[in-house]
1. Exposure proxy check: Asp217, Asp66, Asp123 ranked by fewest other beta carbons within 10 Å?
2. If you take every residue apart from Cys281 with its C-beta less than 15 Å away from the C-beta of Cys281, what net charge results, scoring Lys and Arg +1 and Asp and Glu -1?
3. Contour minus end-to-end for Glu50 and Tyr32, with contour as 0.36 nm per residue of separation and end-to-end as the Cα-Cα distance?
4. Would you mind checking the range 173-193 for residues with the amide N under 20 Å from a putative spin-label position 7 Å along Cα→C-beta of Glu158?
5. If we sort 171-179, 274-282 on the protection proxy, mean other Cβ atoms within 10 Å, highest first, what's the order?
6. Using 0.36 nm times the number of residues separating Glu15 and Glu221, minus their current alpha carbon distance, what extension gain do you get?
7. Please find the FRET efficiency linking Asn283 to Ala209, where r is the Cβ-Cβ separation and R0 is fixed at 22 Å, and quote it to the nearest 0.05.
8. Compute the long axis of helix 186-196 from its Cα atoms, compare it with the longest principal axis of the Cα atoms of the chain, and write down the angle in degrees, 0 to 90, nearest 10.
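FYI, it's all coordinate maths here, none of it is from the lab. Just so it is clear, the structure is predicted and the values come from calculations on it, not from any experiment. In this analysis, Cβ positions are derived from the backbone assuming ideal geometry, glycine residues included, and neighbour counts consider all displayed protein chains.
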Amino acid sequence: MPELPEVETIRRQLEPDLVGRTIETVEVLDPYFSKPALPREFEGAVEGREIVDVGRRGKYLMLELDDGNTVVIHLRMTGALILIDPEGVENPGDARIYEPDTGSKHLKARFTLDDGGELRFTDPRRFGRGFVANQDELDEYFASRLGVEPLGPDFTVEAMAVMSANRTGPLKSFLLNQKGVVGVGNIYADEALYRARLHPLSTGASMKAEHHEALRDGVVEALERGLDLGGASIDDYRDAKGETGSMQNEFLVHRREGEACHNCGETIVRIVVGGRSTYYCPNCQVKLRKPPKKRKA
């Protein structure tokens with residue numbers, strides 16, 4: 001599943017070409033994309049509207065429209081947003097736009113723009129979704145699902161301490177919970193924990209001040225490195241140019257089972273935490289001791 005660096009990479013690529021464009025027509029080719037809204041309801045809410053901003057919240061991409069509504073798209077497992085070259089319009093030197101793939105059999109929705117270009121949503125697994133919401137609906141939707149943006153000013157060491165306090169589950173599961181730190185998935189949780197030198201089975205309640213700082217910094221460093229490299233392409237991820245990222249070439253632990261740790265030479269180990277494959281160095285990543293239980297008076 002695309003995580004924050006992958007989604008933010010797409011947002012940054014789409015923004016210069018979409019802001020100021022009008023969506024002339026919309027075709028929802030798979031009703032699952034707009035479910036529970038009917039395709040014609042989604043299409044009617046978007047057609048004729050100008051895109052005034054391209055945003056992101058966690059792993060959600062957002063196209064803000066000139067009527068105050070927002071198109072929200074979640075890529076899920078295999079979704080991709082691809083910007084198609086306007087037919088007959090030259091874009092010399094514009095690396096963000098590429099020639100259309102007319103043979104795409106996984107096309108689920110098509111947004112035709114006023115310059116003749118298209119924004120296409122493709123999804124082999126059909127898990128991706130799109131919906132239209134006004135600001136109040138959007139605030140309510142995200143408030144019940146999403147926590148702190150890790151690349152924003154609110155993601156402080158103090159915020160990490162508050163979020164992780166008294167949590168008895170594994171740190172790996174804590175990082176995957178979008179109600180805490182948003183946008184972190186399986187890849188960047190492994191990479192962040194390695195950078196913080198914390199064992200994935202350590203608990204939030206076992207952390208001290210220095211661990212809060214290390215984990216906060218580890219999350220930010222892992223995500224920023226992913227952004228620098230255009231995200232990680234392991235399976236289906238492609239950016240808005242249809243190209244792969246290169247973060248997978250610089251993983252420190254993720255998917256490196258049996259290989260040597262870059263820091264100490266110990267063999268990277270794979271375990272399963274919360275149903276997710278988890279990779280770590282048993283030498284570098286310390287498993288913190290659980291705090292003693294308070295005795296009853």
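1. Details: Asp217 15, Asp66 12, Asp123 23.
Going from least to most buried by this count: Asp66, Asp217, Asp123.
2. Numbers: positive: Lys172, Arg195, Arg197, Arg255, Arg256, Arg270, Lys287; negative: Asp190, Glu191, Glu257, Glu259, Glu266.
Here the charged neighbours net out to +2.
3. Numbers: separation 18, 0.36 × 18 = 6.48 nm, distance 2.47 nm.
Additional length available on full extension: 4.0 nm.
4. Flagged as within label range: 180-182.
5. 171-179, 274-282
6. Working: separation 206, 0.36 × 206 = 74.16 nm, distance 2.41 nm.
Additional length available on full extension: 71.7 nm.
7. On the way: r = 24 Å, r/R0 = 1.08.
The computed FRET efficiency comes out at 0.40.
8. 40
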